[in-house]
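Beneath this line is the structure, given in structure tokens, with notes to follow.
The numbers here are math on the coordinates, done by the rules we state, and not lab data. Everything quoted here is computed from the prediction, not taken from an experiment. Reconstructed Cβ throughout: ideal geometry from the backbone, glycine too, with neighbour counts over all protein chains shown.
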């Protein structure tokens, strides 16, 4: 076992291989063989797998309680509404939010688009006085970082184009860390929104939220946190972080696709204009106008993703019972094992923090002379699933002088044997392709 | 299907040799020519292919690209195959290559028609890689159309 540097050790006892092997029994998909080899799934950064309890929760909902929510007086409607709102309470509590501060979305991408379209609505004529605080005008500035996933970049680009606001970005250094001095110079009185990722899906870096929130606060800007790679992997409290909005995706945290959430401070959500309008989000409707319900219904027009919400709550319960601090500690060990092992292989360049520095349990890397697609294909022949490409972060890759990389990302069901099988395979890649 | 059936030696060799690579450094084309840039947005692979036509035949094919071994080898093999063909022959070969690659293994490659490009038959079993192999061929088809219409 590779020793984790003292300053990175959590007070929590990390999961161990024995416990992980028991955890794996809860995941039917991990029991299979791929290309004649035991499946080694190292692509949880893209999408995670579902334990039986999650699959059963969704099935149980459809078998016992399926109905539309927040309407109808019949037994099933009441049961479904309770399940739906209980799920909201569970997921909200998991991230330290109040239930009315958690809005269901399809995924983080939709959460960010919901926000940017709501800001756009606030900027249009007739938006009303309470929306004025979100209205953007030419000269206003939106700030993101150079390491953003496209999901936390393009919606802000589009918002800037449509409102005349200026989009700025905090650059990253050669090691992939945010340049905080530059950030202090960029974030100023004209900054209206600072949107950044909590943990990079490429670099594995955990960004200094407190420092960035401090800069935004002194500039009077709103803070939007992309928590896609943090909520599934470490204990997180949105109130303690002090952000105004946060988004995450269920499918990256043991839940099915099609469900995610947007957190927003209650006071903000209740003055932000809605994005989607229609049924279920209104008070009184005339042929001319409609009144809107408070959050969360204000942002949940139409029939919702009820079974997925129930399944996400089951996933959250699974994670909570295992212990997020223990999961985080284990993945930090796996992350160090990945980066130390990769760094020892000739011709491999690991992106992001060096061995011994804090990172989440993933590592993206370049193999000299071999394209990432070929690396991924070679690993697949050994039953190892990784992600290849730009990982929806083209600007970051361009900044680091690369087009495509390979990424291994771990989760609570990965053992050190998984990491070692991966490292052994990577060590053979260059010889196979005569690089 | 094994990895070696996908990465046949001929593919690995061409991915290094890259015949026809060096568009930027190539002399100005003689006769009619067309040029096409194609991108694979999922991985960022890209290629620019220039096809020159003289007397009804492909007189030269040159390209610049950056991508995986399959896409680079495919452009190299295409160069060897295309030069000297009539424009109609090249169209037929490109159409056949596309049929084979999109067949998920159902349409066997004809070495008589495709020559070294028959080695890419195995790619059709890997849906994610079909685009890699097709990239330069799609570019060549587009460039050829431009050259012929001049």
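Taking the number of Cβ atoms within 10 Å of each Cβ as an exposure proxy, the fewest-first ranking of A:162, A:133, A:387 is A:133, A:162, A:387. Considering only B:79, B:42, B:87, the Gaussian network model of chain B with Cα springs below 10 Å gives its largest mean-square fluctuation to B:42.
Considering only B:100, B:53, B:30, the Gaussian network model of chain B with Cα springs below 10 Å gives its largest mean-square fluctuation to B:30.
With the convex hull drawn around the C-alpha atoms of segment A:316-365, the volume per residue stands at 71 Å³.
With N set to the residue count of segment A:173-321, report its C-alpha Rg divided by 2.2 N^0.38 Å to two decimal places.
The reported ratio for this selection is 1.21.
The Kirkwood radius of segment A:65-320, taken over pairs of alpha-carbon atoms, gives through the Stokes-Einstein law at 20 °C and 1.002 mPa s a diffusion coefficient of 114 µm² s⁻¹.
Between residue A:428 and residue B:106, the distance separating the two model label sites (each 7 Å from Cα on the Cα→Cβ line) works out to 3.4 nm.
Ordering A:381, B:71 by the number of other Cβ atoms within 10 Å of each residue's own Cβ, fewest first, gives A:381, B:71. For the peptides A:288-295, B:10-17, A:227-234, residues were scored by their other Cβ atoms within 10 Å and the scores averaged per peptide; the highest-first order is A:227-234, B:10-17, A:288-295. In segment A:300-418, Rg over Rh equals 1.06, where Rg is the alpha-carbon radius of gyration and Rh the Kirkwood radius from pairwise Cα distances. If you take the Cα centroid of segment B:1-26 and the Cα centroid of segment A:331-346, the two points sit 31 Å apart. Counting Cβ atoms of other protein chains within 10 Å of each residue's Cβ and taking the mean over peptide A:373-382 gives 5.
Of interest is the spacing of the C-alpha centroids, which for segment A:88-130 and segment A:253-300 amounts to 7 Å. Would you mind classifying chain B by shape? Square roots of the alpha carbon gyration tensor eigenvalues, ordered a ≥ b ≥ c; an a/c under 1.5 is rounded, otherwise it is prolate if a/b is larger than b/c and oblate if not. It is prolate, given that a/c is not under 1.5 and a/b is the larger ratio. Each of B:113, A:124, A:114 was scored by other Cβ atoms within 10 Å of its Cβ. Listed from fewest to most, they are A:124, B:113, A:114.
Counting partner chain Cβ atoms within 10 Å of every residue's Cβ in B:39-50, what's the average?
3
You can think of it this way: the chain between residue A:86 and residue A:257 has 59.6 nm of extra reach, that is 0.36 nm per residue less the Cα-Cα gap.
Given a Förster distance of 60 angstrom, what is the FRET efficiency for residue A:190 paired with residue A:33, based on the Cβ-Cβ distance and rounded to 0.05?
0.60
Stokes-Einstein, applied to the Kirkwood radius of chain A over Cα pairs at a viscosity of 1.002 mPa s and 20 °C, places its translational diffusion at 95 µm² s⁻¹. Here the Gaussian network model covers chain B, with springs between Cα atoms less than 10 Å apart; of B:26, B:75, B:117, B:26 fluctuates the most. Two numbers describe the Cα atoms of segment A:17-125: Rg and Dmax, which are 19.2, 62 Å. In degrees from 0 to 90, rounded to the nearest 10, what is the angle of the helix A:306-322 Cα long axis to the longest principal axis of chain A? It is inclined by approximately 50 degrees.
Against chain A, whose longest principal axis is taken from its Cα atoms, helix A:154-163 shows a tilt of about 40°.
Across peptide A:390-396, the mean count of Cβ atoms from other chains lying within 10 Å of each residue's own Cβ comes to 1. Averaging the Cα positions of each part gives two centres, and for segment B:94-143 and segment A:18-85 these lie 39 Å apart. Taking 0.36 nm per residue of separation and subtracting the current Cα-Cα distance, fully stretching the chain between residue A:321 and residue A:289 would add 6.8 nm.
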